[in-house]
Structure formats: structure tokens, C-alpha cells
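Undergrad: Got a structure for you, written out below as C-alpha cells; questions coming shortly.
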Amino acid sequence: MAKNASTADGWDEEYRAGRWSFLRDLPESGRYGIIGMWLSLTQSLDSVLDLGCGEGLLYERLQPMGIKRYVGVDLAPAALNIANVDPDLASLRAGDLHTFTPEEGETFSAIVFNEVLHFSDDPAAAVARYVPFLAPGGVIAVSMYSPKRLESGANRLISRLWEATDGPEWDVLDDYRLTSDKKSVTWRLRLVKPASAG
């Protein structure tokens, strides 16, 4: 398995080469479906921040569900150039998960970390950093690939994030272990909101 890029230039090269086009495949759709229904059922489609948005696939899945505003952030400008979004609904911004800051006063009804937190040494801190940008009652949706090897670095990151969001500062609204038998791949998904959010 190829190692992921670590710089914007490296990610640009991978997107231009089509390395991530498989994310459009049908067996990848389940996690997008779960995230979409979570946001729909929690009335969180007003304003969505998608961190690590890549080619804007989450936007494509949410657009028919009635998303009102979408901000996609990715390290790779090449990915953002591939994205096909309605500029009346969507804004795409080049940025890094750890340093991106929304515009002044900008808040979101949902913040989505879809397959991006593996690139953080401390996913719980990365998620907590975005809490101030949630609108009142807003939710945070997380999806992370979970390798078969339980002691893998990816699974250790998931365990740390799940342990942090099991704490008193968070309400866990839903929690999934999703497996695609077709791909023989498992993801862990969790929907949370700050406990003080009511």
C-alpha cells in the first residue's frame, strides 16, 4: 500500500494522477450515506464545514438532500480544482486541518472530519479546536478508516479520539462500525456535540 502524501504538492500530484478517484466508487458510499442522514436528521444541513474535503464528494452527496451552505477545506488545490460545486452554495478553500480558521463570525451547523483525522497526531485536540466554530446545537461528524490490524497506528488514533469523546464534555449521538464486505474495509463513524450545546 502506497504511503500518503505529506505536503500540498504531494497531494496535488496524487489527485492529478487520479489516486483518489476510487472514493467515488459504490462501496465507498455507505459512510457518506450515514453522514448525510445524520446531518439531515439533526437539521444540520444549514451550514457544513468539510475538513479534508478532497474533490468535494461529500458536497455532491449532500446537495440533493438540501444543503444550504457548504465550505470545503483541503490541503491540495488540485483536489479543489476537480470539485464540481455550485458557487451559490459552496466555497472551497485551501488550508490545513491544524491551522485553518473560518472567516470572522463564521459558524457551522455541522463540522465533518471525513477520513482526515489520521493525519493528526492528536485527533481529539484537532476536533476540540473546531468547537468554537460550531453554531448553537451544532454537531461534529467523524469517519475514520479502521484497519484489520487492531494494534495499527490508525486504530490507536481512533481509540484515543473515542475515549476523549466519551468524556463529560461530549454527548455521543451515534456511533457506527461500518464494514464493506465488497471492499473488505471497515470504518468507524461517530456523531458528537459538545455537552453544553443542549
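The values are calculated or read from the model by the stated rules, or taken from the named source; none is laboratory data. Since the structure is predicted, the reported quantities are computational estimates derived from the model, not experimental observations. Cβ sites come from the backbone with ideal geometry, for glycine too, and all protein chains shown count toward neighbours.
Undergrad: Kindly indicate which of Ser180, Ser143 is crowded, with 20+ Cβ neighbours inside 10 Å and of a type in the set (Ser, Thr, Tyr).
TA: Answer to the selection: Ser143.
Undergrad: Is it fair to say Val185 is modelled with pLDDT under 95, surrounded by 15 or more Cβ atoms within 10 Å (Cβ to Cβ) and within 18 Å of the chain's Cα centre (by Cα)?
TA: yes
Undergrad: Being touching a Phe, Trp or Tyr at 6+ places or on another chain (Cβ under 9 Å) and more than 18 Å from Val142 (Cα to Cα) narrows it down to one of Ala110, Ala79, Ala126, so name that one.
TA: Of the residues listed, the single one that is touching a Phe, Trp or Tyr at 6+ places or on another chain (Cβ under 9 Å) and more than 18 Å from Val142 (Cα to Cα) is Ala79.
Undergrad: Continuing with the same structure: Does any residue in the stretch 68-97 that is more than 20 Å from Phe113 (Cβ to Cβ) come within less than 6 Å, Cβ to Cβ, of a residue that is assigned to a loop (DSSP other than H, G, I, E, B) six or more places away or on a different chain, and which pairs are these?
TA: Every condition considered, the pairs that remain are Lys68/Asp46; Ile82/Glu55.
Undergrad: Quick check on Val112: is it of a type in the set (A, V, I, L, M), free of Cβ contacts under 8 Å to residues at least 60 places away in the same chain and within 17 Å of Leu39 (Cβ to Cβ)?
TA: Judged against the criteria, Val112 is not a match.
Undergrad: If I filter the stretch 74-83 for residues that are surrounded by 21 or more Cβ atoms within 10 Å (Cβ to Cβ) and among the charged types (D, E, K, R), do I get at least one hit?
TA: The answer is yes, given that some residue of the stretch 74-83 is surrounded by 21 or more Cβ atoms within 10 Å (Cβ to Cβ) and among the charged types (D, E, K, R).
Undergrad: For the stretch 139-198, what are the residues that are at positive phi and without any contact (Cβ under 8 Å) to a residue 60 or more places away in the chain?
TA: Of everything in the stretch 139-198, just one residue is at positive phi and without any contact (Cβ under 8 Å) to a residue 60 or more places away in the chain, namely Ser184.
Undergrad: Restricting attention to helices (runs of 4 or more DSSP H) lying wholly within the stretch 9-110, give those where 2 or more residues are of a type in the set (A, V, I, L, M, F, W, C) and at pLDDT 95 or above.
TA: Hits in the stretch 9-110: 29-41, 57-62.
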